[in-house]
1. With a point put 7 Å past each Cα toward its Cβ, work out how far SER122 is from TYR28 in nm, to one decimal.
2. Straight-line reach from LYS88: which lysines fall under 27 Å, measuring Cα to Cα and dropping same-chain residues less than 8 apart?
3. Could you please report the charge total around THR121, scoring K, R as +1 and D, E as -1 over all other residues with beta-carbon less than 13 angstrom from its beta-carbon?
4. Compute the distance in nm between two label points, each set 7 Å from the Cα along the Cα-to-Cβ direction, one at SER150 and one at ASN103.
5. Does the stretch 36-143 classify as rounded, prolate or oblate by the C-alpha gyration tensor (a ≥ b ≥ c root eigenvalues; a/c under 1.5 gives rounded; else a/b over b/c gives prolate, otherwise oblate)?
6. Which of the chymotrypsin sites (Phe, Trp or Tyr not before Pro) found in the stretch 92-150 are in a DSSP loop and have at most 12 neighbouring Cβ atoms, other than their own, within 10 Å?
7. How much net charge surrounds TYR56 when only other residues with a Cβ under 10 Å from its Cβ are counted (Lys, Arg +1; Asp, Glu -1)?
8. Contour minus end-to-end for TYR79 and ASP133, with contour as 0.36 nm per residue of separation and end-to-end as the Cα-Cα distance?
Amino acid sequence: MTAGLVMVTAPASAAAFCPGPTPDEWSYNTRTVVLPGKPDVNLAVSLCFYDEVGFYQAVQNIEWASTTGGNGFGAKFHYFYGTVWVQKSDVNMCSGTAHPNINPYSSGSLAHSCTWKSANTSGMSADGKIVYDIADDGEGEKVWQLTGTS
């Protein structure tokens, strides 16, 4: 298993990061997280899956942007992380987890991945989830199961 991380603190863009040749499959997921007493956060999470001669990689690109662009309102989240995995016939073959530093930035992105080697390509896909706990809402952990590639 190989995992790669790329941190970018520039404003979030519509384009997703997926290294290598043209991805075999894409999945896009969006959500606005309502934060009590702070600017809400728009999330855009893309998943891509590609085959590079027997190495299968799933990439998750997490992008965020404050709805007002402002900061200085305190912590947005107690924790926030994304996990991506390569699946074969709905069985996780590898996974990678990343913790983007969302609290101090009004926008940014983080791409991470996992890679699995196999000679068999049938039933392969990328899937993922986002797990977070909003600061000051008293509701605890939330899990956003992403729509994976098919």
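1. 3.3 nm
2. LYS117, LYS129, LYS142
3. Values: positive: LYS88, LYS117; negative: ASP24, GLU25, ASP51, GLU52.
After counting each charged neighbour, the total is -2.
4. In this crude label model, SER150 to ASN103 measures out at 4.0 nm.
5. Details: a/c = 3.53, a/b = 2.39, b/c = 1.48.
It is prolate, given that a/c is not under 1.5 and a/b is the larger ratio.
6. Numbers: sites: TYR105, TRP116, TYR132, TRP144; in loops: TYR105.
Nothing satisfies the criteria.
7. Values: positive: LYS88, LYS117; negative: ASP24, ASP51, GLU52.
Within the 10 Å Cβ shell, the charges total -1.
8. Details: separation 54, 0.36 × 54 = 19.44 nm, distance 0.56 nm.
Contour length minus the Cα-Cα distance gives 18.9 nm.
Quick note: the coordinates plus some simple rules give every number you see, no bench work behind them. In this text, all values refer to a predicted model and were calculated from it rather than measured experimentally. Neighbour counts run over all protein chains shown; Cβ positions are idealised from the backbone, glycine included.
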